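Any read-out appearing in this document is the output of simple, stated calculations on the displayed coordinates, not a laboratory observation. Bear in mind that the values here come from a model prediction, so they are computed numbers and not experimental data. Here the Cβ is made from the backbone with ideal geometry for all residues, glycine too, and neighbour counts use every protein chain on show.
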Amino acid sequence: MKELFGNTTGLKSNQISRLEKIYRRKISPSLVTTSELASYLLEMSKEIGRQIGVLIDRNGHIDYVAIGDSQKILLPDFGRLRAGEGRFRGLRFVHTHLKEDPINRDDLIDLAILRLDIIASIYYDSFYKEARISIAHLLPQNIQNSLWNIIEPQSIYKFDLNFSEFIDELEKEFARYTTPSKIEFSEGRAVLVHVSNNYNKIDAEESLNELKELSNTAGVEVVDVIIQFRKKFDPKYFLGKGKLEEVVMKSLQFNAQMIIFDQDLTSTQARMIGEMTDLKVLDRTQIILDIFAKRAQSSDGKLQVELAQLKYLLPRLTRQDDGLSRLTGGIGARGPGETKLEIDRRRVRDRLRYLELKLKNIAKSRRGRRMQRKRQKIPVVAIIGYTNAGKSTLLNSLTSSSEYTDNRLFATLDPHARLFCYNPYFNKKYSSKEKYGVEKWDLKKVILIDTVGFIHRLPKGLISAFKATLEELEDASLFLHVIDGSSQRYAEHIKAVEEILSNLNFAHISQLLVINKLDKINQNERNKFIRQYQGLVVSALTGEGLEKIKKKIYERLFIERI
C-alpha cells in the first residue's frame, strides 16, 4: 500500500509531487538505504522545515512516506494493524532529523512498539561537514538487560551494512533466546505487571507469584515481571506511560505475545493500552475466567462460565475497536462463553437473560435434591478452602473415589458429592450406648461435597454466576476447611476464604480446619499449626491422619449435637 502519511498543510503542490515521487524509488534488499535517497530526504526536509521518513519493506519497496513537524514524525497507527507472525514487522524506518541528533528516545520507542526491523536517522553533522546516518535495532535477552543497540553514526557515503544478512542473523538470535522452554505453555509468553499504591514490595511479589501460578495454569509462560509503585493509578494507562513503554519493549525483547495485569483494568484503560501495542492485553479476571472455561466439564459449569464471561464483556462493548478484537481467540476468550467481541450489547443482554433463566431452573433442581437430603436427614459436610489446597485429593481418600486431581490452581470447578458411610466404632469410648446414644455397629451416612477453590480477589462476576453452585453450601452442617500447609502464605489463604464465606453469609457454619500436605512440612511446623488453629494435620495423598478426620467429623455431627 502506497501512502503519503502526515500533515501536508502548508506544502506547495510541487513539494507534495516531489515527495510522492519517492515511491518510485527501489532500494536493494541488501541495503538499509542509498546515499542518493538519504541525501534527497535530507534536502527535502531542510526545504520544508519538517522531518521526513520512509518505511521500506524487505523487498526494498517504499510503502509509506511520513511527514512530521520539526521535532517528530507521527507514524501510521500500527498498533491497530496485525503484523505477521515472527519477531519483526518486516519494515525499516529511515527518517531525517533537522537537529544534530543521531537517535533519540522517540526513535527507540517507535523501534520497539512498532516492532521495526531497524530505525535509521539521517542528519547533517556540522563538525564532519557531511550527512551522517545512525541506526538502532532491538536486542534479544542479554546479561546486560539492554533493550537495544545503537550503531555509531557514519557518513551516508561510507555506510556499509548488508541489511539482508543482518536482519536474518538478528532474527535467528532472537529465536535462539525465545524458544518456549516447556511444551505445556501452549498459549505463548507473557510479561506480568503489578501496579500498587501501598509501596509494599513483599505483598506485590506475593501477589505476582500467585498471578504467575494462574498464568501457568492457563498455559502461559511468564518470562518477566514488572512492578511499579505510584501514588495513584493512571486513569488512561493504569501505570505511567513511560513505564508502559518499558513493559512493551520488555515484551518484545522476550518475544511475549501478551501483557497480563495483576489488577483489573477498566474498559478505557484496556483500550488505551491496546492502542500502544498489538500485543494482547489481559487482566487478572480474564485469566481466572479462562481457567474456569478450561476446567468446566458439566453443562451447569459451562453455563456459569459463559454467564461470568459475558458479564465481564458487557461493559467493555462501549465501542468496537481492535484493542478488544484481539481477545476473540485463545486465552482470555475461550470456552462456552467465547463470543465475537463485535457482537452488539443488545444481543449480549439477550444471551445473559437466557443464561440466567436456565441457571434459575438449575437452581430449582438443586434445591429439590437438597430438600430430599434433608428429608433423609443425611448431614452434609462441604470441603472448602483455597485453590490447590488438596480438597479433591481429600475427597478421593475419604470416599475411595477417583475424581480428577492436579497440582494446579482450580483443577476442580464442578462440585462433586459423594456418600460417605462409616462405622462410628473407632475406639472403645464409642461402644457405650447409654453414654453416647449409639449402637456399636450403627452405620452413619454423610454426604461430602467437594467445592470450587477460593482465591484472593475472586471476581464478583464469578461469585454471582456460580450462585447456584455455592448454594450447595447453605445446607452444610460442617465445613471441612482444607489448608495447604506447605504454602508460606497459609495465613493469608485462611483469611481470604473466611472473607468470602462472610460475604456469602456462611460465616455461621461450623468449621473444622484441616492442615493438608503434612508430608511436605516438618514437625515444628505441624505443632505450630495445631497450636495456632487447633486443627488436624493430615496428608490426603498418603492417607496419614485420615482416621482422625473421620473421628472428628463423627464427634461434630453425631456426638456434640446429641
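Quick one, can you get me the convex hull of the C-alpha atoms of the chain expressed as volume per residue in Å³?
Residue-normalised Cα hull volume stands at 174 Å³.
Calculated from DSSP H runs of 4 or more alone, at -39500 (n - 2.57) each and per residue, what is the 222 nm mean residue ellipticity of the chain, nearest 500?
-11000 deg cm²/dmol
Using the number of other C-beta atoms within 10 angstrom as an exposure proxy, rank Glu472, Glu152 with the fewest first.
The order, fewest Cβ neighbours first, is Glu152, Glu472.
Classify segment 188-293 as rounded, prolate or oblate from the Cα gyration tensor: take a ≥ b ≥ c as the square roots of its eigenvalues, call it rounded if a/c is under 1.5, otherwise prolate when a/b beats b/c and oblate if not.
Here segment 188-293 falls in the rounded category.
Rounded to the nearest 5, what % of DSSP beta bridges with both residues in segment 101-260 are antiparallel?
Within segment 101-260, antiparallel bridges account for around 55 percent of the total.
Only four residue types carry charge here, +1 at the Cβ of Lys and Arg and -1 at the Cβ of Asp and Glu. Report the dipole size of the chain about the Cα centre in Debye, rounded to the nearest 20.
The calculation lands at about 3060 debye.
Can you put Leu239, Leu352 in order of Cβ neighbours within 10 angstrom, beginning with the fewest?
Sorted ascending by nearby Cβ count, the order is Leu352, Leu239.
Amide H of Phe454 versus every other amide H placed in the peptide plane: which residues, excluding those fewer than 5 positions away on the same chain, fall under 5 Å?
Hits under the 5 Å cutoff: Gly385, Tyr386, Thr387.
Quick check on segment 3-177: what are the equivalent-ellipsoid semi-axes from the Cα gyration tensor, as sqrt(5λ), descending, whole Å?
In descending order the semi-axes read 26, 18, 15 Å.
How do Asp264, Asp414 line up, fewest other C-beta atoms within 10 Å first?
Ascending Cβ contact count within 10 Å gives the list Asp264, Asp414.
Taking the DSSP beta bridges in the chain as the whole, what percent of them are antiparallel, to the nearest 5?
45 percent
Starting at the first residue of segment 43-60, write each ³J(HN,Hα) from the Karplus equation 6.51 cos²θ - 1.76 cosθ + 1.60 with θ = phi - 60°, in whole Hz, x for Gly and Pro.
5, 5, 4, 5, 5, 9, x, 9, 6, 10, x, 10, 9, 10, 7, 6, 8, x
Measure nothing fancy, just the Cα-based angle from helix 241-253's long axis to the longest principal axis of the chain, in degrees from 0 to 90, nearest 10.
90 degrees
Short version: ³J(HN,Hα) in whole Hz for each residue of segment 553-559, in order, from phi by Karplus 6.51 cos²θ - 1.76 cosθ + 1.60 (θ = phi - 60°), x for Gly and Pro, what are they?
4, 4, 4, 5, 8, 10, 9
Express as a percent, rounded to the nearest 5, the fraction of DSSP beta bridges in segment 377-559 (both residues included) that run antiparallel.
The answer is about 30 percent antiparallel.
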